[in-house]
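Student: Have a look at this one before I ask anything.
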Amino acid sequence: MLKQLSVFIENEEGSISEVTDTLSKNNINIRAVSLFDSPEFCILRLIVDNTQEGVRVLREENFLVKETDVIGVSLDDKIGELNRMLQEIANNNIIVNYLYSLVVREDGRPLMVINVDEIEKTKEILKQAKFDVV
């Protein structure tokens with residue numbers, strides 16, 4: 001199971017770099033990042049190498065941070081593999097809330113980060129379908 005940090009920030013100049021600067025100064029490596037924006041705020045979703053420390057240092061700097069369980073799924077780098085994974089989820093009546101990828105990995109395979117309402121059920125479905133669930 002992966003832990004994701006969601007950092008809620010104002011949509012203004014420099015707000016994203018304040019988060020990344022805080023993590024960097026505390027020797028926390030960002031492994032994956034996704035940004036959702038609206039006119040007034042952003043949700044910066046992060047996978048970091050030390051989740052607990054990341055939460056601690058960001059809260060010390062008065063950032064609003066939420067820790068969420070997400071699923072990591074290693075996909076083979078071939079046509080249709082993402083679709084195959086999404087079909088397994090859809091065929092079991094599970095809604096994907098969001099997903100993004102973590103591309104830089106030691107084995108060279110992309111890792112899809114997925115958030116669903118039914119984490120354990122989805123993990124089992126994907127394992128049964130022969131996906132490498134992290």
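Student: Test of understanding: among M85, M112, which residue is over 15 Å from L2 (Cβ atoms) and either crowded, with 16+ Cβ neighbours inside 10 Å or within 13 Å of the chain's Cα centre (by Cα) (or both)? So that I can check it myself, show each step before the final result.
Tutor: On the way: M112 fails: over 15 Å from L2 (Cβ atoms).
So the residue among M85, M112 that is over 15 Å from L2 (Cβ atoms) and either crowded, with 16+ Cβ neighbours inside 10 Å or within 13 Å of the chain's Cα centre (by Cα) (or both) is M85.
Student: Kindly provide the set of residues from region 27-41 that are surrounded by fewer than 16 Cβ atoms within 10 Å (Cβ to Cβ) and either outside the structural domain of V55 (by TED's automatic domain parsing) or part of a loop (DSSP other than H, G, I, E, B) (or both), ordered by number.
Tutor: N27, N29, S38, P39, E40
Student: Still on this model: Can you list residue pairs whose Cβ atoms sit under 6 Å apart, with the first residue in region 1-25 being over 30 Å from K123 (Cβ atoms) and assigned by TED's automatic domain parsing to the domain that holds V55 and the second being among the aromatic types (F, W, Y) and assigned to a strand (DSSP E or B)? Count only pairs 6 or more apart in sequence or on different chains.
Tutor: E10/F41; N11/F41
Student: Looking only at region 88-100, which residues are part of a loop (DSSP other than H, G, I, E, B) and either surrounded by 12 or more Cβ atoms within 10 Å (Cβ to Cβ) or of a type outside the set (S, T, N, Q) (or both)?
Tutor: Residues of region 88-100 that are part of a loop (DSSP other than H, G, I, E, B), as a first pass: 92-95.
Matches in region 88-100: N92, I94, I95.
Student: Only one of L5, L44, L23 is under 12 Å from the mean Cα position of the chain (by Cα), of a type in the set (A, V, I, L, M, F, W, C), crowded, with 18+ Cβ neighbours inside 10 Å and over 20 Å from V134 (Cβ atoms); which?
Tutor: That would be L44, the only listed residue that is under 12 Å from the mean Cα position of the chain (by Cα), of a type in the set (A, V, I, L, M, F, W, C), crowded, with 18+ Cβ neighbours inside 10 Å and over 20 Å from V134 (Cβ atoms).
Student: If you go through region 12-27 one residue at a time, do you hit one that is on the phi > 0 side of the Ramachandran plot and among the polar types (S, T, N, Q)?
Tutor: Among the residues of region 12-27, at least one is on the phi > 0 side of the Ramachandran plot and among the polar types (S, T, N, Q), which makes the answer yes.
Student: Ok, one more. Take the residues in region 49-80 that are surrounded by 16 or more Cβ atoms within 10 Å (Cβ to Cβ) and part of a loop (DSSP other than H, G, I, E, B); name whichever of them is modelled with the highest pLDDT. Outline the logic, then answer.
Tutor: Step one: list which residues in region 49-80 are surrounded by 16 or more Cβ atoms within 10 Å (Cβ to Cβ), which gives 51, 54-55, 57-58, 63, 65, 70-75.
Retained after the next criterion (residues that are part of a loop (DSSP other than H, G, I, E, B)): 63, 75.
Details: F63: 97, L75: 88.
Among residues in region 49-80 that are surrounded by 16 or more Cβ atoms within 10 Å (Cβ to Cβ) and part of a loop (DSSP other than H, G, I, E, B), the one modelled with the highest pLDDT is F63.
The values are calculated or read from the model by the stated rules, or taken from the named source; none is laboratory data. Just so it is clear, the structure is predicted and the values come from calculations on it, not from any experiment. Glycine gets a Cβ as well: all are built from the backbone with ideal geometry, and neighbour counts include every protein chain shown.
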